[in-house]
Amino acid sequence: MGVNKGKVLAILAKCGGSLSFIGSLLIIRDIVKKGKKNLNAFRRIMFGLSCGDIISSIGNILSTWPTPADQTYIWGAAGTTETCTAQGFFNELGNMGAVLYSASLSIYYVWTMTQGMKRKPMPKKSEFALHVVPITIAAIMAIAGLPFLVYNNAAGFNCWYGSYPTTGCSMDGTCTRGEHADIFRWVHYAIVWAAIIVVICCMVVIYMVVRDTEKKANFLTIAAHQSSSLRRSSLRSNASSADSVIDCEDPGNVEERTSRRKKKQPRSETTRKVANQAMLYIAALFVTWFFTTLLRLSQTISGVTNYWMVVMMALLFPLQGFWNALIYFRSQRQGNTARRRRSTKLSSKNANRASIAQQQSGGETTDEVSKDYITNHPSSEGVPT
């Protein structure tokens, strides 16, 4: 690979790493800003995922700089063997931690969706396992590479598992460092794809939960519509009886029954929103690891490194923190919009009820009726969050 091609790879890694670093830092800042009171299982998992991504992002920002300066064929090489080893160690620690935390996040989403509208907090022991497994495996993989001297710049844009002085030196026994790098790579990708298989299984479960929830919601909607139709037909069959029923009917009771029927819908809508959010995080994981895995498979089968696959890897692999930040803040924006809409609807409902109460009371002003209504209905003053 020529110096100019290596320069392109290094610059792409630096740009992607910078975006990912900023995105993950913003997520951590938002979580810390919310305070301990609002620190739930989702935010704790996102905190761990973002920490792993920040570690790997720093390695991508440094790119070729930690590579030993005597490797003049690598653009930007200005470090030593020790700095390259340190970069490789933290690259493995961050990358492995991030992908395993992504699997933990998928498991959390499955647990959340199977709870329906109960919204119970995740058990402490279950959440503890979702943190211990990523941290432990990532630390073991990163530390295990140190005594085998496997951290070298073989990819062309950063130090990771690789042999030195040439990629194929392990075949003829001429390696001075990283003779067992291929073994570490395969163990690494076996763990990564085991995590991705877990994520795929979670996708299937999420799809099934959404499908079943929507079926139930549709059934309840049809049943409510049929019941309403039968009630209207019964009222129309006796005009005088219908008039008396309508005259005696309290508008608040009619509104309450309608509200109860409509409340059968939010579970389906909430479930779909949660599923969409989970699928976006899963898609970010696939985009991150697709070309990296494809490149390794291509190298193993053909023995040749395809430069354009390396370019795609350098472009997309460092961006997981960036994608996560877009998804994370997209969800917050949607939540804020939904809360504003609920607040507007509640204000409109209170105004309508106050108007009805004014008509029934006769001489009171709207303000007096509104105050009286709020006094008798204190739960309507705010929107539950």
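Couple of notes before you dig in:
- Hey, M113 out of contact with any strand residue (DSSP E or B) (no Cβ under 7 Å at 6 or more places or on another chain), within 20 Å of P318 (Cβ to Cβ) and open to solvent by less than 50 Å² (accessible area, probe 1.4 Å) or not: no
- Residue selected from the range 126-144 under the condition among the small types (G, A, S) and modelled with pLDDT of 95 or more, by the criterion nearest to S106 (Cα to Cα): A129
- Every test in (1) open to solvent by 10 Å² or more (accessible area, probe 1.4 Å); (2) among the small types (G, A, S); (3) farther than 21 Å from T305 by Cα is passed by A142 save one, and that test is (1).
- Check on F42, farther than 19 Å from H188 by Cα, open to solvent by less than 60 Å² (accessible area, probe 1.4 Å) and aromatic (F, W, Y): yes
- Candidate set from the range 61-92 (those that are more than 36 Å from the chain's Cα centre (by Cα) and part of a loop (DSSP other than H, G, I, E, B)); member that is nearest to V150 (Cα to Cα): T80
- Residue in the range 307-327 that is closer than 28 Å to A278 by Cα, open to solvent by 90 Å² or more (accessible area, probe 1.4 Å) and either modelled with pLDDT of 65 or more or not small (G, A, S) (or both) present: yes
The values are calculated or read from the model by the stated rules, or taken from the named source; none is laboratory data. Just so you know, these numbers come straight off a predicted model, no measurement behind them. Glycine gets a Cβ as well: all are built from the backbone with ideal geometry, and neighbour counts include every protein chain shown. SASA here: full protein model, heavy atoms, side chains in, ligands and nucleic acids out. Shrake-Rupley method; radii C 1.70, N 1.55, O 1.52, S 1.80 Å.
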